[in-house]
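To keep things clear, I will list the structure first and then write my remarks on it.
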Amino acid sequence: MLAYLIFTLTIGGIYALLALALNLVWGGAGLVNLGLAGFFAVGAYASALATGAGAPILIGWGAAILAGLLAGFLVTFATLRLRDDYLAIVTLGFAEIVRLVALNERWLTKGADGVSGVRAPFKAELGVAGFNFFYLTLVAAIACLVWLALRRLDLSPWGRAAKAVREDQELARFAGKRVLRIKFEAFAVSAAIAALAGALYAHFTSYVSPDHFQPLITIYVFLAVTAGGVGRPLGALVGGYGVVLFLEATRFLAGMTPGLAPVQVAALREIVIGASLLAVLHLRPQGVFAERPPKAPRLP
Amino acid sequence: MTELLEVSAATRAFYGVEVLRGVDLAVRKGSLTGLIGPNGAGKSTLFNVVSGLYPADGGAIRFKGADVTRAAPDELVRAGLVRSFQLARGFPKLSVFQHLVLHGRDQPGEGLAAALFGSAAARRREQALGEKALAVARRLKLESVLDNLAAALSGGQKKLLEIGRALMAEPEMILLDEPMAGVNPALAREIAAHLRALNAEGVTILLIEHDMGVIRELCDPVIVMAEGRVLTEGGFAAVAADPRVQEAYLGRRR
């Protein structure tokens with residue numbers, strides 16, 4: 001049971017990182033990025049392949065961040081003229097392309113077999129239980145560091161300009177803001193964080209395959225950011241952990257319902273998840289930690 | 001007598017409809033120039049073309065002697081040419097204070113690295129912009145709503161915030177598109193006083209307005225547009241007495 005809890009919380013940290021990434025680009029600059037699972041996959045494969053080729057794990061993670069940045073730049077470049085629904089469609093397509101490339105380019109990714117035996121840091125030295133606990137702490141620490149950095153960004157003049165772009169990008173240009181540069185920066189940094197989350201995931205489970213990067217992940221992360229509070233990094237951090245804990249809890253909840261076949265239990269679980277998303281949107285559309293514009297300083 | 005803004009032979013059509021049919025005008029540095037004309041004359045389109053919202057099909061625009069025909073809105077703002085919108089616009093989820101500080105220029109903290117790692121220059125600039133924003137808010141009597149979201153402002157306050165934004169940008173020239181439309185007469189007088197004070201501080205203003213009382217009181221010279229061209233230019237009395245102007249507003253005598 002303890003191992004299960006630790007596993008859940010580690011995955012929670014990875015979702016928190018994904019949620020922070022999404023909040024930066026969506027809550028911060030208003031870009032609907034449905035391609036999150038794609039950047040997550042890019043990072044996971046980049047690190048798995050780099051360390052598989054003999055690179056140290058930290059170099060692998062660095063490679064994941066770089067690959068994420070690069071992918072972020074590419075996608076922004078390809079979608080310069082798109083926004084809202086159209087951007088969402090193209091980024092969703094990007095994520096699917098990444099997954100299909102991983103599925104079909106067997107020489108690189110071993111296709112549906114996936115890359116196995118991804119090195120887990122210090123697993124030999126710490127033992128399985130020790131490693132799990134170490135990794136939980138590591139992921140939580142990285143999530144907190146990223147949260148602090150993004151909180152700083154959120155409250156900075158850059159964050160203010162990005163939110164102006166989110167609210168009305170045409171008007172932001174008439175405020176003298178370099179809208180395109182802000183979009184590039186937000187998208188690339190967000191993609192890099194998602195890729196880092198992917199690398200952390202790959203080295204935790206020691207195995208990556210295209211099946212791990214279904215679009216459903218992106219939907220769960222949107223649920224996390226929406227429930228936590230769009231536009232507030234704290235909301236994303238809490239939302240990421242919260243959604244994973246909730247998703248796991250629904251297993252027990254649905255399992256406790258008497259008189260259901262296992263297939264029905266699985267379906268009931270999906271229903272509960274969908275209904276709770278509706279409930280969040282209905283009862284607290286601004287999220288648990290609603291966006292709060294900073295107060296004006298008072299002069300004496 | 002130097003020209004700050006020069007527009008020559010500017011044309012712009014939408015789906016074959018010629019809205020601007022060769023506009024020639026010049027705005028003198030330090031003037032408070034009025035731009036009038038009947039609805040559909042092309043005044044707002046001229047503003048949109050000059051401010052970079054959409055490019056001119058033909059012709060040239062010069063600001064401070066430099067060619068800015070193809071300049072983007074943000075480049076023009078950084079060069080000192082700022083505009084307001086006929087329907088007051090804002091960022092709904094930003095507070096009034098954030099709006100004002102946002103429109104301050106030269107904030108190094110808007111660079112990603114400076115924002116992330118902190119920079120003394122950005123902090124100093126933020127402090128200075130904050131103080132300026134408070135001063136602007138005091139001047140425009142927006143102090144009591146500093147922390148309100150722009151979406152929660154009244155129509156009049158939104159109009160005042162438009163002026164506040166223009167003030168924060170420290171412009172050399174402001175294009176104002178009906179800053180007094182839809183506000184009560186008392187507030188309109190207040191806005192007129194703000195414009196006169198701004199102009200006295202050396203800011204050149206080009207003002208679109210339909211209230212002839214305001215134009216007569218504030219503007220010299222007055223430029224009249226009709227059917228996508230400049231009809232005439234001069235002092236208010238001379239322009240108002242011009243039979244061509246009366247025709248443009250009231251229709252041709254038969």
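The values are calculated or read from the model by the stated rules, or taken from the named source; none is laboratory data. Remember, predicted model here, so these are calculated numbers, not experimental data. As a convention, Cβ positions derive from the backbone with ideal geometry for all residues, glycine included, and neighbour counts pool all protein chains shown. Heads up: the accessible areas ignore ligands, DNA and RNA and are worked out on the full protein's heavy atoms, side chains in. Shrake-Rupley method; radii C 1.70, N 1.55, O 1.52, S 1.80 Å.
Only a single criterion out of (1) under 23 Å from the mean Cα position of the chain (by Cα); (2) open to solvent by 10 Å² or more (accessible area, probe 1.4 Å); (3) without any contact (Cβ under 8 Å) to a residue 60 or more places away in the chain is not satisfied by B:G155, namely (3).
The residues in region B:6-37 that are modelled with pLDDT under 90 and not small (G, A, S) can be counted, and the count is 0.
Checked against the criterion of being on the phi > 0 side of the Ramachandran plot and either facing another protein chain (nearest Cβ under 9 Å) or open to solvent by less than 10 Å² (accessible area, probe 1.4 Å) (or both), the candidates B:G80, B:G109 yield just one match: B:G80. All of (1) more than 9 Å from chain B (Cβ to nearest Cβ); (2) open to solvent by 20 Å² or more (accessible area, probe 1.4 Å); (3) under 22 Å from A:Q286 (Cβ atoms) hold for A:V221 with one exception: (2).
For region B:196-230, how many residues are closer than 17 Å to B:N39 by Cα and either open to solvent by 50 Å² or more (accessible area, probe 1.4 Å) or among the charged types (D, E, K, R) (or both)? Here the count works out to 6. Taken over region B:164-188, the criterion of being surrounded by fewer than 24 Cβ atoms within 10 Å (Cβ to Cβ), in contact with a helix residue (DSSP H, G or I) (Cβ under 9 Å, 6 or more places away or on another chain) and more than 14 Å from chain A (Cβ to nearest Cβ) is satisfied by B:E178, B:M180, B:A181, B:G182, B:V183, B:N184, B:L187, B:A188. I need the full set of residues from region A:54-96 which are farther than 26 Å from A:R166 by Cβ, modelled with pLDDT of 90 or more and open to solvent by 10 Å² or more (accessible area, probe 1.4 Å), in order please. Answer for region A:54-96, where residues must be farther than 26 Å from A:R166 by Cβ, modelled with pLDDT of 90 or more and open to solvent by 10 Å² or more (accessible area, probe 1.4 Å): A:P56, A:I57, A:L58, A:I59, A:W61, A:G62, A:A63, A:L66, A:A67. Selection of region A:243-256 for residues being closer than 13 Å to A:S276 by Cα and touching a residue at least 60 places away in the same chain (Cβ under 8 Å) yields only A:V243. Among the criteria (1) more than 30 Å from B:L129 (Cα to Cα); (2) in a strand (DSSP E or B), the one B:A41 does not fulfil is (2). The single condition from (1) surrounded by 16 or more Cβ atoms within 10 Å (Cβ to Cβ); (2) within 12 Å of another protein chain (Cβ to nearest Cβ); (3) in contact (Cβ under 8 Å) with a residue 60 or more places away in the chain that A:A175 fails is (3).
When the residues of region B:54-71 are filtered to those that are aliphatic (A, V, I, L, M) and surrounded by fewer than 18 Cβ atoms within 10 Å (Cβ to Cβ), the one that is farthest from B:A226 (Cα to Cα) is B:A66. One residue alone among A:L24, A:L36, A:L49, A:L17 is open to solvent by 30 Å² or more (accessible area, probe 1.4 Å) and either under 30 Å from A:G229 (Cβ atoms) or in contact (Cβ under 8 Å) with a residue 24 or more places away in the chain (or both), and that residue is A:L49. Taking the criterion of being more than 7 Å from chain B (Cβ to nearest Cβ) and not β-branched (V, I, T), the residues of region A:160-172 that qualify are A:A162, A:R166, A:Q169, A:E170, A:A172. Going residue by residue through region B:43-51, is there one that turns out to be under 24 Å from B:E247 (Cβ atoms), at pLDDT 90 or above, open to solvent by 10 Å² or more (accessible area, probe 1.4 Å) and not charged (D, E, K, R)? Within region B:43-51 (the criterion being under 24 Å from B:E247 (Cβ atoms), at pLDDT 90 or above, open to solvent by 10 Å² or more (accessible area, probe 1.4 Å) and not charged (D, E, K, R)), the answer is yes, since at least one residue qualifies. The numbered conditions (1) under 30 Å from A:S156 (Cβ atoms); (2) more than 22 Å from the chain's Cα centre (by Cα); (3) surrounded by fewer than 16 Cβ atoms within 10 Å (Cβ to Cβ) are all true for A:A279 except (1).
In region B:83-92, which residues are crowded, with 18+ Cβ neighbours inside 10 Å and facing chain A (nearest Cβ under 7 Å)? Of everything in region B:83-92, those that are crowded, with 18+ Cβ neighbours inside 10 Å and facing chain A (nearest Cβ under 7 Å) turn out to be B:R83, B:R89, B:F91. In region B:214-254, of all residues being among the basic types (K, R) and in contact with a helix residue (DSSP H, G or I) (Cβ under 8 Å, 6 or more places away or on another chain), the one that is farthest from B:R21 (Cα to Cα) corresponds to B:R216.
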